[in-house]
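Only one structure is covered here, and it is reproduced in the block below.
Only the coordinates and a few stated rules stand behind these numbers; no lab work does. Please read these numbers as outputs of a predicted model, since none were measured by experiment. Note: ideal-geometry Cβ built from the backbone for every residue, glycine included; neighbour counts use all protein chains shown.
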Amino acid sequence: MTPAPTIRRLLLALAALLCTLVPHAPTAAAAPRGGAEVVAVERVADRQVDLSVRSPALGDRTVNVRLLTPDGWNPKDRHRHWPTLWLLHGCCGDYTSWTSMTDVANIESLRDVLVVMPEAGWNGWYSDWWNHGQGGAPAWETFHTQELRRLLERDWGAGGRRVVAGLSMGGQGALMYAARHPGMFRAAAAYSGSAHPLLDDESVHRLMGFFAGQGGDPRDVWGDPVAQRAIWAAHDPYHLARRLTSLPVYLSCGDGTTGPLDPPGPTSDLEADFDRQNHALADELHRLGARRLTTHFYGPGTHAWAYWQRELHASLPMLLDALSPEHPPVP
């Protein structure tokens, strides 16, 4: 019979051999029990990495997050963390929208920044859905501001200096997240964003149409705009304006008529509505004494990517300046 110490030595040697033969998966360490976790990683292009994240907040659904990584980025280096720009997509888009529709991957000033482009659902509205008072999945706000933020900062090199920008639905998300989570973002930019959905009946009905866009009950997201008005107001940047007065904020929008970056002929009622909403928010911010507001209401222009790419470039100096270590975070 082989002595017990010899058996133990053989087992330890075998375990060590297996560790050398099994390749390490290119994912983060396992998440704490009940937390979000990365279940797959794919490098899709130069400096572009897609993470597949399983999220309890989304009902254990797996969604994707695209990272545009800075030069020298190495997630295994736990001592280096990068300033982070969150770029939020609009309704009917996804986590690939910014890289497929704009030149964001080629912007030189972003080579020292980690750009986070998370999935937010075709029609998720950056919100934890009301679901007729039951709550539960999808909880997009919880996924982004808690689960994903912690995951990226623990395992993927994201730092504590953050700014946020988005278009359309994502513009509303950028303003909401900056207002609803004080201290999380140092600046916010919204391009053709839904900045005041409670402005009037036209704006409310248009948003309810989006909420029902995939055949669902439009009250699932925020409830009824009358009976659950407090929930609507809690997600309306205009009603959150006081929380934005200390932040650098960039608002831009066209008026919905044919503009210089459009082919001949098209107009956009959606852009015209969002233009009214953005003017209302800007007026409210000025009334409240905001001193770090930049607006670019450029007149003719529709709800189109050519304008959002241009506005990303225009707002980047403000966003990157807010990421500077010389600037203390806004409380």
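Between helix 269-287 and the chain there is an angle of about 90 degrees, using the helix long axis and the longest principal axis of the Cα atoms. Over the chain, dividing the summed -39,500 (n - 2.57) contributions of all DSSP H runs of at least 4 residues by the number of residues returns a 222 nm mean residue ellipticity of -9500 deg cm²/dmol. Taken one residue at a time, the phi angles of segment 150-159 give Karplus couplings (6.51, -1.76, 1.60, θ = phi - 60°) of 5, 5, 5, 7, 7, 10, 10, x, 6, x Hz. Gly and Pro are set to x. Under a 5 Å amide H cut-off, with hydrogens placed 1.01 Å from N, residue 128 pairs with 140, 141, 142 among residues at least 5 apart or on other chains. The magnitude of the dipole of the chain, with charges of +1 and -1 set on the Cβ of Lys/Arg and Asp/Glu and taken from the Cα centre, is near 1620 debye. Farthest towards the positive end of the charge dipole of the chain, among the residues 325, 102, 191, is the Cα of 325, using unit charges on the Cβ of Lys, Arg, Asp and Glu. Separation of segment 196-241 from segment 126-146 is 15 Å, based on Cα centroids. Estimated at 0.36 nm per residue, the fully extended path between residue 217 and residue 39 surpasses their Cα-Cα distance by 60.9 nm.
Counting every other Cβ atom within 10 Å of each residue's Cβ, 79, 144, 327 order from fewest to most as 79, 327, 144. Between residue 201 and residue 313, the modelled labels are 4.3 nm apart [label points 7 Å from Cα along Cα→Cβ]. Scanning residues 5 or more positions from residue 39 or on other chains, those with amide H under 5 Å from its amide H are 52, 53, 54, with H placed 1.01 Å from N in the peptide plane. Here the peptides 195-201, 59-65 are ranked by packing, the mean other Cβ count within 10 Å, and the order with the highest first is 195-201, 59-65.
Other residues whose C-beta falls under 15 angstrom from the C-beta of residue 98 contribute a net charge of -2, scoring Lys and Arg +1 and Asp and Glu -1. Length gained on full extension, residue 230 to residue 246: 3.4 nm, using 0.36 nm per residue less the C-alpha separation.
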